[in-house]
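Q: Pasting in a structure now, in structure tokens, and then I'll have a few things to ask.
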Amino acid sequence: MATWSAPGKVFLFGEHAVVYGKPGIAMAIRPRVYVTVRHSKRPLSVSSPYIQSCFTEMGVTGSVYINSQIPSSSGLGSSAAVTVATLCAINDEFQLEKTREEIADMAFAIEKKVQKGRASPTDTTVSSYGGIVLITGTSRRRLPPVNLHLVIGDTLVSHSTSQMVEQVAEMKKQHPEIINPVIDAIEGVTMSAIHHLNNQKELGRYMDMNHGLLDALGVGHPALSRLVLTARMAGAFGAKLTGAGGGGCMIAICPKALKHRVAKAIEGHNARALVTGIDTEGARKEKNV
Ligand code: MEV
């Protein structure tokens, strides 16, 4: 029996623009998915296409038990975390000796296949390695970790990443003269933010700008806007939607002393709040489960 865990993630900057080869910055966060895999001759029968694909790609059969702290379909990378942790647990249980890099690549290939080609390697990279990662096209660079005080607000409004990605593609096709400059501007925000990762106040301002640009791309939602404004009014340095939008989650970067006040304000609007920070470890073996 082998148990591995992998963290969820938030996009700090650049979601949607990454789909067009622009840079994105994402950070691993503390909630994790725990996956236990055991040798078993009986073929696996699970409903998750991600887990099914992990066993198929690794060419083994086994049983699997999952315990997740990450809400699914919220934009916090739960499917990538499940995929990465399952591949690591299979690798360990069956002594397949794949490297972390091979696992990250396999996890991305599985996400891409299950999501019908509409995925950037962001979620699987961040979940595999932890920390803060700059993604540009297929290249990935770890940025120095910083201790950001984040509050995540989950609107509890369900959304579909592939639908939102498709919606942006359609807007881009119909209004290239408007949408292309918006995507370029998101790139500008991301590239500027890289130089201010240690300055939370400045990062907050870039988050506000990024949120406005995502709204212009048409991936906002009234529930997201409400939580973003609520967080700013409660003292956050800045706030934006995170992930695909159209529902799902927002993030606020906060002064340490105000993070619980921001979380409480968010919870006052039919939403779930999570006070969190960086996870620097990525996928890891769990011993005492
Ligand atoms: C979804 O979390 C973020 C998007 O940029 C899609 C992706 O990067 O795979 C919308």
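The values are calculated or read from the model by the stated rules, or taken from the named source; none is laboratory data. From a predicted model like this one, the values you see are computed outputs, not experimental measurements. Neighbour counts run over all protein chains shown; Cβ positions are idealised from the backbone, glycine included.
Q: Output the number of the condition that ARG42 fails; it satisfies all remaining conditions of (1) out of contact with any helix residue (DSSP H, G or I) (no Cβ under 8 Å at 6 or more places or on another chain); (2) within 11 Å of the ligand (Cβ to nearest atom).
A: That leaves (2) as the condition not met.
Q: Go through the stretch 97-142 and give me each residue that's closer than 17 Å to PRO23 by Cβ and of a type in the set (Asp, Glu).
A: Listed by number, the list holds a single entry, ASP123.
Q: Hey, another quick one. Among GLY62, GLY153, GLY130, GLY75, which is the only one that is within 13 Å of the ligand (Cβ to nearest atom) and not hydroxyl-bearing (Ser, Thr, Tyr)? If you could, list the steps in order and put the result at the bottom.
A: Working: GLY62 fails: within 13 Å of the ligand (Cβ to nearest atom); GLY153 fails: within 13 Å of the ligand (Cβ to nearest atom); GLY130 fails: within 13 Å of the ligand (Cβ to nearest atom).
Exactly one of GLY62, GLY153, GLY130, GLY75 is within 13 Å of the ligand (Cβ to nearest atom) and not hydroxyl-bearing (Ser, Thr, Tyr), namely GLY75.
Q: Hey, another quick one. What residue, among those in the stretch 9-29 that are out of contact with any helix residue (DSSP H, G or I) (no Cβ under 8 Å at 6 or more places or on another chain) and at pLDDT 95 or above, is farthest from the ligand (Cβ to nearest atom)? Spell out the reasoning first.
A: We begin by selecting, within the stretch 9-29, every residue out of contact with any helix residue (DSSP H, G or I) (no Cβ under 8 Å at 6 or more places or on another chain); these are 10, 21, 29.
Checking the rest, the ones that are also at pLDDT 95 or above come to 10, 29.
Details: VAL10: 9, ILE29: 13 Å.
Taking the candidates together, the pick is ILE29.
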